[in-house]
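These notes concern the structure reproduced below.
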Amino acid sequence: MKHELLKSEKIVLREMHDNDLELIHDWENRSELWHLGEVHEPLSEAQISDFINHSTGDIYTDGQLRLMIDAQGKTVGCIDLFEFDKHNQRAGVGILIAEESDRNKGFAKDALNVLTNYCFVVLNFRQLYCHIPVDNEASVKLFSNCGFTESGRNLDWIKKGNAFIDAMFMQNLNG
């Protein structure tokens, strides 16, 4: 990774380390967030440790990439690339600023812009995309402010509680 490209004035994006185990375990096991991802059940510390220790930090090897977001002397969240498609030069992106007290400080915007720049300039991706529940106004605003545009809707896409809600499909095209 080209680490010099993975920072801004507010944040640094870095690879996962063993000492991130507790944080990641906490985040992955917050059931209120499960509707945002593919995992819908608790993960053990052993599963998360295995994920950390088998991650090479290379999306071409792993097919995914998780980077930790450090700001103001602490780890405030993570940003993920997933569903990497080498042939079509694209990946999905998701972001978490874990604690309410760390939100609305520009950390997510900086992290998303830094990662987008890395994907477009270094990795030569054609596009990044995301699915956002339509009721997640903060994420819609974040991705819109970072150059993503709505390109479609997936009806009843996400189960949240006992209801299904639509998801907005957004893309950022390189070029």
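The values are calculated or read from the model by the stated rules, or taken from the named source; none is laboratory data. As the structure is a computational prediction, the values presented were derived from the model and not from experiment. For neighbour counting, all protein chains shown are included, and Cβ atoms are generated from backbone atoms with ideal geometry for every residue, glycine included. Side chains are part of the model used for accessible areas, which takes the heavy atoms of the whole protein and leaves out ligands, DNA and RNA. Shrake-Rupley method; radii C 1.70, N 1.55, O 1.52, S 1.80 Å.
Accessible area, 1.4 Å probe, largest first: how do Glu99, Glu28, Glu41, Glu22 sort?
Reading off the accessible areas and sorting them downward yields Glu22, Glu41, Glu99, Glu28.
Sum -39500 (n - 2.57) across every DSSP H segment of at least 4 residues in the chain, then divide by the residue count to get the 222 nm mean residue ellipticity, nearest 500.
After summing the helix terms and dividing by the residues of the chain, the value is -6500 deg cm²/dmol.
What residue among Thr116, Ala167, Ile48 has its Cα farthest toward the positive end of the dipole of the chain, where the charges are +1 on Lys, Arg and -1 on Asp, Glu, each on the Cβ?
The residue sitting most towards the positive pole is Thr116.
In a GNM of the chain with a 10 Å cut-off on Cα contacts, which of Asn53, Asn162, Asn104 has the highest mean-square fluctuation?
Asn162
Just the number please: accessible area per residue for the chain, 1.4 Å probe, all protein chains included, in Å².
56
Cross-link partners among lysines for Lys105, C-alpha distance below 26 Å, same-chain residues fewer than 8 apart left out?
Of all the lysines, those that pass the test against Lys105 - Cα under 26 Å, at least 8 places apart if same chain - are Lys2, Lys7, Lys10, Lys74, Lys141.
For segment 39-91, which trypsin sites (Lys or Arg not before Pro) are both in a DSSP coil and crowded by at most 15 other Cβ atoms within 10 Å?
In loop regions of segment 39-91 (DSSP not H, G, I, E or B), the sparsely surrounded trypsin sites (Lys or Arg not before Pro) are Lys86.
Give me the percent of the accessible area of segment 28-131 that comes from carbon and sulfur atoms, probe 1.4 Å, all protein chains in place.
Carbon-and-sulfur percentage of accessible area, whole number: 45.
Over the chain, with a Gaussian network built from C-alpha contacts below 10 Å, which listed residue (Ser144, Ser49, Ser101) shows the highest mean-square fluctuation?
Among Ser144, Ser49, Ser101, the largest GNM mean-square fluctuation belongs to Ser101.
Under the Karplus relation 6.51 cos²θ - 1.76 cosθ + 1.60, θ = phi - 60°, what is the ordered set of whole-Hz ³J(HN,Hα) values for segment 95-104, x standing for Gly and Pro?
Per residue, the Karplus-derived 3J(HN,Hα) values read 9, 9, 9, 5, 9, 3, 5, 9, 8, 6 Hz.
Note the listed values (i) 37, 23, 16; (ii) 23, 20, 14; (iii) 22, 21, 17, then indicate which one is semi-axes √(5λ) of the Cα gyration tensor in Å calculated from this particular structure.
This structure yields the entry labelled (iii).
Defining a contact as two alpha carbons under 8 Å apart and six or more residues distant in sequence, what relative contact order in percent does segment 88-130 show?
That works out to 65 percent.
Assigning unit charges at the beta carbon (Lys, Arg +1; Asp, Glu -1) and nothing else, what dipole magnitude in debye, to the nearest 20, does segment 67-175 show about its Cα centre?
Its charge dipole is roughly 200 debye.
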